[in-house]
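Undergrad: This is the structure, below, for whatever I ask next.
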């Protein structure tokens, strides 16, 4: 037995509780602004100790809108800046790609 279709453009029962949502911006002006280009990203896979990962996971729960990738990017940037400051200059760029695998000891 098929259910009758409900209208989706009618009144919402939640409108009585929270009120209707007003249209965003000026409803008469339909000019969309272009989005700024996003920076290029690259995947990085790391194996970290559980203790290192627990703190950011718990902290990010309390920071809505902040992603683990954003936190990691900022932490890596800060760490490299600190290393370059200790060295007194930026590291030179490498001429060849690094090979994958375990780090040499």
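The values are calculated or read from the model by the stated rules, or taken from the named source; none is laboratory data. Predicted model, so just to flag it, every value in this text is computed and none were measured. FYI the Cβ positions are ideal-geometry reconstructions off the backbone, even for glycines, and counts take in every protein chain you see.
Undergrad: How many residues, within the stretch 60-105, are out of contact with any helix residue (DSSP H, G or I) (no Cβ under 7 Å at 6 or more places or on another chain) and assigned to a loop (DSSP other than H, G, I, E, B)?
TA: Selection size over the stretch 60-105: 21.
Undergrad: Of the residues 7, 33, 84, 54, only one is exposed (fewer than 10 other Cβ atoms within 10 Å of the Cβ) and modelled with pLDDT of 70 or more; which?
TA: The match here is 33.
Undergrad: Something else: If the requirement is being at pLDDT 70 or above, part of a loop (DSSP other than H, G, I, E, B) and exposed (fewer than 10 other Cβ atoms within 10 Å of the Cβ), which of these qualifies: 40, 27, 2?
TA: Within the list 40, 27, 2, the selection yields 40.
Undergrad: Give me the pairs, please: first residue somewhere in the stretch 48-69 and closer than 26 Å to residue 102 by Cα, second residue anywhere and in a loop (DSSP other than H, G, I, E, B), beta-carbon distance under 9 Å, and either six or more positions apart or on two chains.
TA: Here the result reads 69/41, each pair linking the stretch 48-69 to a residue that is in a loop (DSSP other than H, G, I, E, B).
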